[in-house]
Structure formats: structure tokens, C-alpha cells
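Here the structure comes first, spelled out in C-alpha cells, and everything after it is commentary.
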Amino acid sequence: MIYKARTESPELKLLKALKNRYPSPITNQTYYTLNKGYVGEVLFDQLIEKLTCPCLVLNDLLLQVNNQTFQVDALMILSNQIHVFEVKNLEGDYFYEKECFFPRNKPGNEISNPLLQLERATSLLRQLLQKLDFPISIQSSVIFINPKFVLYQAPMDKPILFANQLDRFIQKFNSIQTPLGKKQQQLAAKLLSLNENETPYKRLPTYQYQDLRKGITCSACHSFSVEVQHSKCICSDCGFEEKVKAAVLRSVEEFKMLFPDEKITTNRIYEWCKIIACKKKVQRILSSNYKKVGVHQWSYYE
Ligand SMILES: [Zn+2]
């Protein structure tokens with residue numbers, strides 16, 4: 001059972017908006033890397049859905065112990081053990097040598113060793129569980145989810161699983177039928193309560209309002225080729241249709257995410273959406289969906 005579902009991280013959502021409105025090589029590269037990781041994790045989730053054994057799965061945890069923060073892609077609580085997963089969506093040919101990972105075609109470009117990441121997370125989780133007075137054994141695995149990934153000289157004594165081994169791996173768990181007790185439920189609740197929210201702004205390139213492209217983007221294909229026709233926004237690239245109101249509200253939420261410290265005013269959103277010809281319409285949408293604060297030209301919405 002999925003106890004904590006996975007969603008796009010705030011950082012990924014922000015980068016998606018930024019990539020569209022203010023493309024730069026750094027933004028595009030960071031988005032590409034983060035999104036590839038997320039796609040891999042979603043693939044892993046589809047696999048986890050095949051689990052029929054009694055278990056609780058928590059995705060994307062950011063935890064802290066002894067002043068150290070660690071991240072867990074997925075964690076599965078079974079009756080007598082916890083399984084930690086580090087999911088990697090690497091693609092192409094790599095090789096393993098002296099405890100390091102290298103791309104086969106660029107042997108000089110060593111990549112971070114996911115086994116070390118996993119070891120660190122496992123060790124810190126163990127410390128956390130000790131603190132919580134919850135003795136339980138921890139198993140862990142690095143999952144290479146992409147079927148196009150090859151690792152030459154893969155070490156047999158390390159907890160690595162490749163895409164074509166995963167069905168068998170899940171089946172092994174499904175033979176376990178020991179039900180979970182109260183204690184496991186309490187542990188899942190405790191870990192969830194300790195989960196920290198990531199601040200998405202710390203690693204982003206700086207950007208300013210005036211640099212960002214204005215306009216309503218298509219909800220389906222993210223292009224700016226959106227035109228207003230009566231009460232609908234229609235994308236001339238993909239044909240997607242959306243009610244004007246929904247499109248404006250979506251744009252307001254995007255604005256709020258990109259500029260959390262800015263006030264939402266009619267003028268701002270009118271300029272931000274760009275394609276809504278009538279300012280009154282923007283005002284009506286804002287006033288019927290947000291709380292108005294202040295009066296006259298000083299008013300804003302929250
Ligand atoms: Zn479109």
C-alpha cells in the first residue's frame with residue numbers, strides 16, 4: 001500500500017515554468033536531469049503497484065538525524081524489515097572500476113556513485129530508527145530502472161538491481177504474507193511527520209520578473225501559442241482547449257510559485273497573462289477566487 005505518494009518536487013515544478021519562460025543552458029540542463037530522475041521514479045512506482053504483500057511504501061522522504069539531512073527515493077516497511085530504494089534512471093553504457101562509475105565513452109567523467117548515496121542514506125536511517133527506538137533490520141538496493149542501461153564489470157556483491165531483474169524481485173516480496181501490526185503503522189506515521197519540505201529556491205538560477213516571458217502557456221504542450229476565443233483558451237499548436245478562467249487561475253498559481261513574495265494584483269496578472277484583452281475580466285476572476293485585501297489601487301489578492 002502506498003502510504004506517501006510521489007509528486008513532482010517543488011524544484012522540478014519551478015524549473016518547468018522557468019525553462020518555458022526564461023530558458024538558459026543551466027535551467028534547461030538542471031530541468032533535464034531532475035526530470036529524468038523523476039521519470040525513473042515514476043517507472044519504479046508502477047512496479048511497486050504490483051506489490052501484493054502487506055507493506056507500507058513511503059516515497060520521496062527528506063529526513064534529518066544528528067544534524068545531517070538525507071533523502072530516500074522509496075522506503076518499504078514490511079513486518080520485520082525496511083527496504084530502502086535508491087532509483088537511478090541512467091541510460092547507456094557505463095563501467096564499474098575501483099568502486100567508481102564511469103560512462104564508457106567518456107571514462108574521464110566519473111559520476112557520483114549511487115551505492116555510496118545509498119550507504120549514507122541507510123546508515124542515517126538506521127541512526128534515526130535507533131533514536132525513535134524502533135529496532136528493525138534495513139535492506140537496501142540501488143535500482144537501475146532504465147532497460148537501456150548497461151553496467152560493465154558490475155560487482156556481484158553490491159545491492160544492485162537492473163531493469164530486467166525487477167519483476168522477479170517484486171515476486172519475491174509477494175511471497176511474504178505476514179500482516180503488519182500497529183507498530184509498523186506508527187513507524188510510517190512517524191516518518192511521514194518527520195518529512196521535511198524542500199525549499200525549491202536555493203539551487204535555482206536567479207531570475208527577475210521583467211526577464212520572464214509573459215503569456216498563458218498551453219496546459220498540455222506548454223507552448224505560448226494560446227489564443228482566447230470567447231470563454232476558451234485554444235492552443236494553435238496542439239489544439240488543447242481550456243476555459244479562460246481555469247487558464248488564468250493556473251497562470252496565477254505559476255506566478256505565485258515563481259514569485260512567492262510578490263503581491264497578486266489585477267495589473268500584475270493582467271500583464272502576466274498578456275492575452276486576456278479585458279482587464280475587468282482578470283479582476284472578476286481574481287475577486288471570485290481569491291480573498292481581496294485592501295481597497296482601491298492598493299488592493300491585492302491572496
Ligand atoms: Zn498546446
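Values as computed for the structure displayed
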quantity	calculated
All helices (runs of 4 or more DSSP H) inside segment 171-283 with 1 or more residues being touching a helix residue (DSSP H, G or I) at 6+ places or on another chain (Cβ under 9 Å) and charged (D, E, K, R)	244-258, 266-273
Exclusive hit being away from the ligand (no atom under 16 Å from the Cβ) and over 30 Å from LEU128 (Cα atoms), set GLU254, GLU262	GLU262
Neighbours by Cβ (under 6 Å, 6+ apart or cross-chain): first from segment 236-249, over 15 Å from TYR270 (Cα atoms) and assigned by TED's automatic domain parsing to the domain that holds ALA220; second of a type in the set (A, V, I, L, M) and more than 8 Å from the ligand (Cβ to nearest atom)	GLU241/ILE234
Cross-chain or 6+ apart pairs with Cβ under 6 Å, segment 71-91 first and assigned to a strand (DSSP E or B), then small (Gly, Ala, Ser)	VAL72/ALA121; ILE77/ALA188; GLN81/SER137; VAL84/SER140; PHE85/ALA74; PHE85/SER141; VAL87/GLY40
Residues (in contact with a Ser or Thr (Cβ under 6 Å, 6 or more places away or on another chain) and either on the phi > 0 side of the Ramachandran plot or in contact (Cβ under 8 Å) with a residue 40 or more places away in the chain (or both)) located in segment 137-175	ILE138, SER140, PRO159, ASN174
Positions within segment 170-200 being under 25 Å from the mean Cα position of the chain (by Cα) and not aliphatic (A, V, I, L, M), in sequence order	GLN185, LYS190, SER193, ASN195, GLU196, ASN197, GLU198, THR199, PRO200
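Quick grid of which residues meet (1) of a type in the set (S, T, N, Q); (2) within 30 Å of GLN185 (Cβ to Cβ):
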residue: ASN109; (1), (2): yes, no
residue: ILE136; (1), (2): no, yes
residue: ILE143; (1), (2): no, yes
residue: PRO147; (1), (2): no, no
residue: PRO159; (1), (2): no, yes
residue: ALA163; (1), (2): no, no
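The values are calculated or read from the model by the stated rules, or taken from the named source; none is laboratory data. The shown structure was predicted, so the numbers you read here are calculated from the model rather than taken from an experiment. For neighbour counting, all protein chains shown are included, and Cβ atoms are generated from backbone atoms with ideal geometry for every residue, glycine included.
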